[in-house]
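Enquirer: Before I ask anything, here is the structure I am working with.
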Amino acid sequence: MKLNTNKRKRFRVSNKVKKVAKFGRFRLSISRSTKNISAQIIDDTKNMTLLSASSVEKDIKSNTKIKKIELSKLVAEKLAKKAQEKKITKIYFDRGVYKYHGRIKIFAETLRKNGMEF
């Protein structure tokens, strides 16, 4: 089966993270489009999503005329708050196909400021 470039990149990054994710940490998978951003904290041992946050949710979407960078910060703050409620502090950051640049970098830095370790 021949994979295209994006699938190869995603597989390469996610596979490296999954190998080490079995040591008591969860994986934070991030996904972005041209307008929105979403993230999930995943337990790879049980293959289930523990938490998720997205810019499409009602309380975040209600803010009209907001920049994409600010949207990333809001989603990261919301995810960090949910994670602290479930006492999750240590995660592995799975950036997927995206470079650690721009909205992805701001998302990660905001998570770190709110107490997440990766």
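The values are calculated or read from the model by the stated rules, or taken from the named source; none is laboratory data. Since this is a predicted model, take the numbers as computed values, not measurements. Neighbour counts are summed over all protein chains in view; Cβ atoms, including those assigned to glycine, are modelled from backbone coordinates with ideal geometry.
Enquirer: For the stretch 14-35, enumerate the residues that are buried (at least 17 other Cβ atoms within 10 Å of the Cβ) and either without any contact (Cβ under 8 Å) to a residue 40 or more places away in the chain or in contact with an Asp or Glu (Cβ under 8 Å, 6 or more places away or on another chain) (or both). If you could, list the steps in order and put the result at the bottom.
Expert: So the first thing to find is which residues in the stretch 14-35 are buried (at least 17 other Cβ atoms within 10 Å of the Cβ), and the list is 14, 17, 21, 25-30, 32.
Listed by number, the residues that qualify are Ser14, Val17, Ala21, Phe26, Arg27, Leu28, Ser29, Ile30.
Enquirer: Can you find a residue that is surrounded by 13 or more Cβ atoms within 10 Å (Cβ to Cβ) and in contact (Cβ under 8 Å) with a residue 60 or more places away in the chain anywhere in the stretch 54-70?
Expert: no
Enquirer: A further question on this structure: Please specify each residue of the stretch 81-109 satisfying the condition of being of a type in the set (Ser, Thr, Tyr) and buried (at least 17 other Cβ atoms within 10 Å of the Cβ).
Expert: Looking only at the stretch 81-109, we keep the residues that are of a type in the set (Ser, Thr, Tyr), and these are 89, 92, 98, 100.
Tyr92, Tyr98 - these are the residues of the stretch 81-109 that are of a type in the set (Ser, Thr, Tyr) and buried (at least 17 other Cβ atoms within 10 Å of the Cβ).
Enquirer: So how many residues does the stretch 105-115 have that are under 24 Å from Lys58 (Cβ atoms) and under 12 Å from the mean Cα position of the chain (by Cα)? It would help to see each step written out before you state the result.
Expert: First, pick out the residues of the stretch 105-115 that are under 24 Å from Lys58 (Cβ atoms): 106-107, 110-111, 114.
Applying the additional criterion that residues be under 12 Å from the mean Cα position of the chain (by Cα) yields 106-107, 110-111.
So the answer is 4.
Enquirer: Among the numbered criteria (1) touching a Ser or Thr at 6+ places or on another chain (Cβ under 9 Å); (2) at pLDDT 85 or above, which single criterion is violated by Lys58?
Expert: Here Lys58 clears every test but (1).
Enquirer: Continuing with the same structure: I'm checking my understanding of the structure. Among residues of the stretch 2-17 that are within 19 Å of the chain's Cα centre (by Cα) and among the polar types (S, T, N, Q), which one is farthest from Asn47 (Cα to Cα)?
Expert: Asn6
Enquirer: Taking only the stretch 73-99 into account, find how many residues are of a type in the set (D, E, K, R) and within 12 Å of the chain's Cα centre (by Cα). Steps first, answer last, please.
Expert: The first filter runs over the stretch 73-99 and keeps only residues of a type in the set (D, E, K, R), leaving 73, 77-78, 81-82, 85-87, 90, 94-95, 99.
Now restrict to residues that are within 12 Å of the chain's Cα centre (by Cα): 73, 77-78, 94-95.
Total meeting the criteria: 5.
Enquirer: Which of (1) more than 20 Å from Ile106 (Cβ to Cβ); (2) part of a strand (DSSP E or B) does Ala39 not meet, given it meets every other one?
Expert: (1)
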